[in-house]
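Everything below concerns the one structure shown next.
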Amino acid sequence: MFNLLKILSRLNFLSLSKLARLGFAIHQNGINLMLLFTLTKKAGDEKTALVDSRETLSYQELQKRCENLAHFLKDRYGIGKGQKVAFLCKNHASLVQGIFAASRLGADLYLLNSSMSQLQFNRLVEEHNFDFLVYDNEFNGLIEISPYRNPKIGSYHEKNEAISTLPDLSLHRKQKLTPSSSGKIVLLTGGTTGKPKQVIHRPSLFNFLDPFAALLNRLQLPKYSTAYIATPIYHGYGIAVLLSFLALGKKVVIQESFDAKGACALIWQHQVEVVTVVPLMIHKMLKHDKEALGSLSCIASGGAKLNPILVKEVNQLLGDVLYNLYGTSEAGLNIIAVPEDLNYHANTLGKVIAGGQLQVVEVGKEVGPGSIGQFCIRNKWSMKNSPTRWIQTGDIGYRDENSYYFLCGRTDDLIISAGNNIYPLEIEVALTNHPSVEDVAVIGVEDVYAGQILKAFVQLYQDEKMTEEVLLSWLRTRVAEFQIPREIAFVEELPYSPVGKLDRKQVQTFTSNDG
């Protein structure tokens, strides 16, 4: 309750009239995402809510469109409590409207990775039997040859019925929607080719008070007016930040897919103060046009490990504006590093936020500071379909004596070479500290005698030259002898997933192609 009062106070919502409006909205509509409009609504307020590549919507316009769509989905398709509504969309206003409208009706929301393969989509359709699908027209071919046969609607279309072309139904509504509380928000995690895990979150206001309070306080979000979400909304990081910004009444800028040139132009045009990125995105933007990024006061990086060289580069070019957010789709946001934390150590994830518990566990037992183990997390806002209260994240790391956390790698990245347990991330960080090295991937290659040997794929900065012998000699003074790669191969570019994570499976194919 204390956190709720603090949050309502920061939202300037503790007057009797505003609390009464909130209570009335809950009574009339239920507890769902549409409630966010009550938090931000002011009489005659035309404040900009959402900007995408097609249009700009005020909060009043966005709310009206979401209500209109909710009535349409209820009347035309019978969407309601417990039904499964899937979204196969990139970032745009129609996706946001669809999410809010389906939430208002009490449906379960399934956010699908828009980069998935045909095989993966077919599997999801068969396993989940979605009742309704909102999709972008570019995925029509994928849908047509899949088993999906239930109703669907496009996000945008010039001729066919789509969310963007729906008529205003407000003058023809015969009855009000009954109050309804939000269903589940289901994230289907994992790569675009493998079998995804189902991660279920219930959007309870009280469950998410702690991470929301952490975003407000540590990132100082109430200070700013304009935010740009560069990460996909279907990713847990994307949807969480979108809802947080809309709850604060910010102007939110989104684009269908990320490219450095377009992102820099948007930041310059809208004088964006807050941007959500994965590290690769800020790296590309700095390379393209660092001058366009001068308005940024808060760069919220998450989804992948921060390179200490990138931390230093941001600090030198833009000042102390970089924040590191650690979370998982299963366990949500749990650790935040503010600029002062990254000055303490550029590799740190930061400290655990209030309300969360994190243990470093090795062989079933919690270990102390300095000892490496798996991160296990327990909190109120984690996935609801976990078999245990403590969620094993699959991330390996340690806590230092000052309660700062550090990431060493993933359990499935472990390489065993001649009896030594090696996590490639530590070697990759060391190599990227070389001024000529832009990016690195270290993998294990099968070996008859050692089990596995290390091979590094190195991407140099443009116009840089380097030999394998020189780089190995430099590395030997920085890591243990058993961490030295047997071979270094220089590549033009390393592969990344659509959400900015190094695609180690694709890196493995480099070796098979060599052979």
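Computed from the Cα positions only, the extents of the stretch 416-514 along the three principal axes stand at 37, 32, 24 Å, in decreasing order.
Among the GluC sites (Glu not before Pro) found in the stretch 324-404, those both in a DSSP coil and sparsely packed, with 10 or fewer other Cβ atoms within 10 Å of their Cβ, are E401.
Look at the alpha carbon pairs under 8 Å that are at least 6 residues apart: their mean separation over the length of the stretch 424-494 gives a relative contact order of 34 percent. Quotient of the Cα radius of gyration of the stretch 209-412 and 2.2 N^0.38 Å, N being its number of residues: 1.01. Other residues whose C-beta falls under 12 angstrom from the C-beta of T226 contribute a net charge of +3, scoring Lys and Arg +1 and Asp and Glu -1. Across the stretch 392-515, the relative contact order, built from alpha-carbon pairs under 8 Å that are at least six residues apart, equals 19 percent. Here the 3J(HN,Hα) profile of the stretch 74-89, calculated from phi with Karplus coefficients 6.51, -1.76 and 1.60 at θ = phi - 60°, is 5, 6, 7, 10, x, 5, x, 4, x, 7, 9, 10, 9, 10, 10, 9 Hz, Gly and Pro shown as x.
Taking other Cβ atoms within 10 Å as a rough exposure proxy, T231, T467 sort from fewest to most as T467, T231. Scaling against 2.2 N^0.38 Å puts the C-alpha radius of gyration of the stretch 271-352 at 1.03. Loop-resident chymotrypsin sites (Phe, Trp or Tyr not before Pro) (DSSP state other than H, G, I, E or B) in the stretch 457-492 with no more than 14 further Cβ atoms inside 10 Å of their Cβ: Y461.
Annotation for the stretch 334-440: trypsin sites (Lys or Arg not before Pro) lying in DSSP loop with at most 14 further Cβ atoms inside 10 Å of their Cβ are K380, K384, R389. A straight line joining the Cα centroids of the stretch 266-310 and the stretch 91-153 runs 30 Å.
Every number here is computed from the coordinates shown, using simple stated rules; none is lab data. Computed from a predicted model, the values in this text were never measured in an experiment. When we count neighbours, we look across all protein chains shown, and the Cβ atoms used for this are built from the backbone with ideal geometry, even at glycine.
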